[in-house]
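Single-structure report; data block below.
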Amino acid sequence: MTPTDFAPLVARALAMIPDGSALGLGTGRAAAAFVEALAVKVRGGLRVVGVPTSEATADLARRLGVPLTTLDETPELDFAIDGADEIDPYGDLIKGYGGALVRERIVAGAARRFVVLVGSEKLVPALGSRGKLPVEIVPFARGPVARRLLTLGLRPELRQRDGQPVVTDNGDWILDCAVGLLSDPARLEADLRATPGVVGTGLFLGMAPTVLVLGPDGTVTEHPHPER
């Protein structure tokens, strides 16, 4: 989708934001479209502060005049607005195709309400449907972590650009793991987090997000997700 395509989603999300809010600003195309629309509201008098989840989002917000803060200065956020790469029927997510998964999780965890903006193509019957799970790692631990991931049934590949490892804003590397449908995401998440050298994963489980979905006809609906 182009930024224009996100307009109905962004309008719905903006309508939720009262004056004086502290916001988590996500990373990716949907989040960037939100920041651009938020900047218009700020120029019109809306008072907000934002905590960006990546340097790219911070640069965009500064350029457009959206006031920024930090979690040290503003430890509790009213909303975190972000996208996702997969959403299952229970509202669990895979994120991280854009590389900001660790900061996105931290910011979402600091927010009273986590709002996710997606197109309907991101709705999947089970996590793993798109075949990739990002895992952020300490570069020093690449070999041991990769071997451990293989024992867990994952097939890790170092994310690269122009033949060089992609370095996250945290100074880490990302292993994109080829996966099938995940039968027990919570168990996999626990196993990954217990692996020395793993900084974070793209599994966002049990966070009860408000998921706004843009349908093919341009309408926006809230994705219902029952408890397991």
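Tell me the strands (runs of 3 or more DSSP E) entirely within segment 155-211 that contain at least 1 residues that are within 23 Å of residue 117 (Cα to Cα) and in contact (Cβ under 8 Å) with a residue 24 or more places away in the chain.
173-178, 198-201
Taking the numbered list (1) buried (at least 16 other Cβ atoms within 10 Å of the Cβ); (2) of a type outside the set (Phe, Trp, Tyr); (3) more than 16 Å from the chain's Cα centre (by Cα); (4) over 14 Å from residue 87 (Cα atoms) in turn, residue 223 passes all entries but (4). Taking the stated definitions as given, is residue 142 within 26 Å of residue 22 (Cβ to Cβ) and either in a helix (DSSP H, G or I) or out of contact with any helix residue (DSSP H, G or I) (no Cβ under 9 Å at 6 or more places or on another chain) (or both)? Taking the combined requirement at face value, the residue does not satisfy it. Residues that are in a helix (DSSP H, G or I), touching a strand residue (DSSP E or B) at 6+ places or on another chain (Cβ under 7 Å) and surrounded by fewer than 23 Cβ atoms within 10 Å (Cβ to Cβ): does segment 86-103 have at least one? Yes; the residues of segment 86-103 include at least one that is in a helix (DSSP H, G or I), touching a strand residue (DSSP E or B) at 6+ places or on another chain (Cβ under 7 Å) and surrounded by fewer than 23 Cβ atoms within 10 Å (Cβ to Cβ).
Every test in (1) surrounded by fewer than 18 Cβ atoms within 10 Å (Cβ to Cβ); (2) at pLDDT 95 or above is passed by residue 218 save one, and that test is (2).
Only residues that are of a type outside the set (Val, Ile, Thr) and in a helix (DSSP H, G or I): list them for segment 1-14, please. Across segment 1-14, the qualifying residues are 3, 5, 6, 7, 8, 9, 11, 12, 13, 14. Of the residues making up segment 15-30, not a single one is out of contact with any Phe, Trp or Tyr (no Cβ under 9 Å at 6 or more places or on another chain), surrounded by 16 or more Cβ atoms within 10 Å (Cβ to Cβ) and not in a loop (DSSP other than H, G, I, E, B).
The values are calculated or read from the model by the stated rules, or taken from the named source; none is laboratory data. Bear in mind the structure is a predicted one, so any value in this text is a computation, not a measurement. Neighbour counts run over all protein chains shown; Cβ positions are idealised from the backbone, glycine included.
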